[in-house]
1. For segment 69-114, how many residues are part of a helix (DSSP H, G or I) and either over 15 Å from residue 33 (Cβ atoms) or touching a residue at least 60 places away in the same chain (Cβ under 8 Å) (or both)?
2. Kindly establish whether residue 64 is touching a residue at least 24 places away in the same chain (Cβ under 8 Å) and assigned to a loop (DSSP other than H, G, I, E, B).
3. Before we move on, is residue 15 loosely packed, with under 14 Cβ neighbours inside 10 Å and modelled with pLDDT of 90 or more?
4. Given the residues 38, 112, 89, which is the only one that is at pLDDT below 95 and surrounded by 12 or more Cβ atoms within 10 Å (Cβ to Cβ)?
5. Pairs please, first residue from segment 11-37 and within 12 Å of residue 57 (Cα to Cα), second anywhere and at pLDDT below 90 and in a loop (DSSP other than H, G, I, E, B), Cβ atoms under 7 Å, 6+ apart in sequence or on different chains.
6. How many residues does segment 46-64 contain that are surrounded by 13 or more Cβ atoms within 10 Å (Cβ to Cβ), closer than 17 Å to residue 29 by Cβ and out of contact with any strand residue (DSSP E or B) (no Cβ under 7 Å at 6 or more places or on another chain)?
């Protein structure tokens, strides 16, 4: 059976669009590791600005990757949690981490050979 390369390319482009942002994967990783409040997420990702985190969280909420829960406390408590849909991406993130570790090992070993 012949593969539909146009469909595959579209699917790859959709995935790259999602992970193409510098901050999206680190934000998902932070949230999935238990950082639920805005400041917790922000502190767990070195270099991210408040403005960028806010923008990315809104975009991720729109794309059904995180859910924003508002609790009417004093002060108001807002938490971000991964959706079930977001959790389907967990295996891909795990594989990316594994590949990144292996890549770093290969590069470091290669630099010592020269």
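1. So the count comes out to 23.
2. Spelling it out, it is not the case that residue 64 is touching a residue at least 24 places away in the same chain (Cβ under 8 Å) and assigned to a loop (DSSP other than H, G, I, E, B).
3. no
4. That would be 89, the only listed residue that is at pLDDT below 95 and surrounded by 12 or more Cβ atoms within 10 Å (Cβ to Cβ).
5. 28/89
6. So the count comes out to 6.
The values are calculated or read from the model by the stated rules, or taken from the named source; none is laboratory data. Small disclaimer: the values here were computed from a predicted structure and weren't measured. All Cβ positions, glycine included, derive from the backbone under ideal geometry; neighbour counts span all protein chains shown.
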